[in-house]
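Reading through the structure tokens given below for one structure.
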Amino acid sequence: MTNPAQNGHPSKSEEGARSPADEERAKMPAPSAPSRPYADLDTPSVIVDLALLERNVAEMAGLAREAGVALRPHVKTHKTPRIAAMQLDAGAAGLTCAKVGEAEALAGAGFTDLFVCYPIVTRTKARRLSALAARPGLSLSTIVDSPAGVAALSAAFADAPEPLETLVKVDTGLGRVGVAPGAAAVDLARTVAAAPGLRFGGVCAHEGFAYGLPDPEERAAAARAGAATLAATAEELAAAGLPAARVSVGATPGASALAATPGVTEVRPGNYVFYDAMQAGLGVVPLERCALRVLVTVVSHAARDRAIVDAGSKTLTSDQGAHGLASAGGFGAVVGREDVRIERLSEEHGWLRLDPAGSDVGIGETLEVVPVHACPVANLAHELVIVR
């Protein structure tokens, strides 16, 4: 993750090795050069519409505030300290990280409330987390979904001056990570509470199954059901003498339903800062609300029904949807051109499928593409160019 005070290039030791935090910073978008006219941008460029970004950040903060829950957004979508600061300024209580490296980079940039929402099971990562937790003024928390994870963390934190806040990850329907709700979660919470160096902090879940439900009412109902399952587990924990201070849910689709579910204390959406063609395909927002876009140039037009742009899988990624959903169709949506579809990608080329009867593009023409999934696009980008 790039520190705004740095130039985006990771420091190296005398031997040339880079720390894990440096490796993470090297993958983060660097601050773009100031005052570049839009017409002078090279392509492909990953651009972010500042007005849309600000609107998206403010609206989700308002949603959480109205529901009376804490907002702890995932930074994996943007991986950018400047946007993380915007989220905190809008009212976020802290930040959620998908990797220890993200947390290390954010801590290095001065952020002080970080939640590593990923199972830590190896001694190496647990020790990195322990070293990070030793930073003065840093509030750090993480998750477990197995006794092995508890053991790894406990070994690293047993002699720490402060216990590590540890939440139990519960599977409420996605089928990825997490223990079963109810008794299994209670048993694991007891293990956490008894482990030296750890403090049981609550329960969390990811309602990613909402991505597979294109009907808004069905999606909201499923999100509420998942959150209610987590809240019910929190009630069982309280009855067992293990109160869950945090009942944390997360997913951009269905965020309002999640936040409004009784018993929920915090929400962790991530994609909302940008949105993308997948969210537009689900009907979460219209395509015009998507803040992150890829500026591309038409470089070839050898057939009436086909043209090539200068962005392929290394820029747009071949990801066609989260959790098995391909709601957007193709590999991105061309803004203002519903008659044009990106149907194929190679590494540096994107195939545009044109309607021979009514659509055309010209060689040298620039187009804005909303990617199917914004998160990997930002991860691959060397910089994010803010446009006004």
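Brief remarks on what is shown
- Matching residues in segment 343-384 - criterion: being among the β-branched types (V, I, T), modelled with pLDDT under 95 and under 19 Å from F274 (Cβ atoms): V372
- Any chance A223 is surrounded by fewer than 19 Cβ atoms within 10 Å (Cβ to Cβ), under 27 Å from the mean Cα position of the chain (by Cα) and in a helix (DSSP H, G or I): no
- Any hit, segment 372-388, residues being within 30 Å of A84 (Cβ to Cβ), in contact with a His (Cβ under 8 Å, 6 or more places away or on another chain) and not charged (D, E, K, R): yes
- Filter pass, L106 being modelled with pLDDT of 95 or more and part of a helix (DSSP H, G or I): yes
- Pair list, Cβ under 7 Å, 6 or more apart: segment 174-193 residue outside any loop (DSSP other than H, G, I, E, B), other residue of a type in the set (F, W, Y): A189/F200; V192/F200; A193/F200
- Identification of strands (runs of 3 or more DSSP E) wholly contained in segment 232-317 with 1 or more residues that are buried (at least 23 other Cβ atoms within 10 Å of the Cβ), basic (K, R) and in contact (Cβ under 8 Å) with a residue 60 or more places away in the chain yields 292-303.
- Qualifying residue in segment 210-219 (condition: touching a Lys or Arg at 6+ places or on another chain (Cβ under 6 Å), part of a helix (DSSP H, G or I) and not charged (D, E, K, R)): yes
Conditions tested, residue by residue: (1) within 17 Å of the chain's Cα centre (by Cα); (2) modelled with pLDDT under 95; (3) in a loop (DSSP other than H, G, I, E, B).
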| residue | (1), (2), (3) |
| --- | --- |
| A85 | yes, no, no |
| L114 | yes, no, no |
| R127 | no, no, no |
| A131 | no, no, no |
| G149 | no, no, no |
| A152 | no, no, no |
| A160 | no, no, yes |
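- Residue list for segment 91-106, restricted to those being crowded, with 19+ Cβ neighbours inside 10 Å, touching a residue at least 40 places away in the same chain (Cβ under 8 Å) and within 27 Å of R65 (Cβ to Cβ): G94, T96, E102, L106
- Test: residue in segment 35-58 that is buried (at least 17 other Cβ atoms within 10 Å of the Cβ), among the acidic types (D, E) and modelled with pLDDT of 95 or more: yes
- Residue within segment 183-192 that is in the same structural domain as S154 (by TED's automatic domain parsing) and at pLDDT below 95 present: no
The values are calculated or read from the model by the stated rules, or taken from the named source; none is laboratory data. Nothing here was measured: the structure is a model prediction, and the numbers come from that model. Don't worry about glycine lacking a Cβ; one is built from the backbone with ideal geometry, like all the others, and counts go over all protein chains shown.
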